[in-house]
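Every number in this text was worked out from the coordinates using simple rules, so none of it is lab data. Remember, predicted model here, so these are calculated numbers, not experimental data. Quick reminder, even Gly has a Cβ in these numbers, built from the backbone with ideal geometry, and neighbours come from all protein chains shown.
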Amino acid sequence: MSDARFAAAAIKQKSSQGYGPKYIEMYLNSKNVSSSEYDFESHNINWQKYVNTKFQKLRSTEIDFKEREKISRFLSNRGFNYEIIKSAFTNLSNDTSE
């Protein structure tokens with residue numbers, strides 16, 4: 001199997017398992033696949049949608065600082081960048097204020 005095909009299959013599999021782009025990139029690098037062999041944009045993955053869905057599962061009605069840190073750490077360990085996580089918190093704040 002070529003590196004490009006392996007990368008495409010790995011991106012599809014890992015993203016469906018809930019992993020973010022940074023995690024997938026580290027996984028592919030550990031398998032010695034160069035970054036020129038794969039492209040996340042060609043897979044049309046909506047990372048923000050996944051993070052928002054995960055927030056709905058993890059959160060209670062009120063999020064205190066400790067729970068907010070726990071959720072942020074979980075998503076960060078899954079390979080999501082800070083901007084996506086911050087945006088999800090902003091969306092959550094907007095939903096609870098309405």
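Taking other C-beta atoms within 10 Å as the exposure proxy, 80, 65, 55 rank 65, 55, 80 from fewest upward.
Once Rg and the Kirkwood radius are both taken over the C-alpha atoms of the chain, their ratio Rg/Rh works out to 1.06. Length gained on full extension, residue 36 to residue 17: 4.5 nm, using 0.36 nm per residue less the C-alpha separation. Both numbers refer to the Cα atoms of the stretch 3-43; Rg and Dmax are 8.9, 23 Å. Taking every DSSP helix (H) stretch of at least 4 residues in the chain, weighting each as -39,500 (n - 2.57) and dividing the sum by the residue count yields a mean residue ellipticity at 222 nm of -21000 deg cm²/dmol. Taking all Cα pairs closer than 8 Å and separated by 6 or more residues, the relative contact order of the chain comes to 34 percent. Note on 25, 41: ascending count of other Cβ atoms within 10 Å places them as 41, 25, the fewest first.
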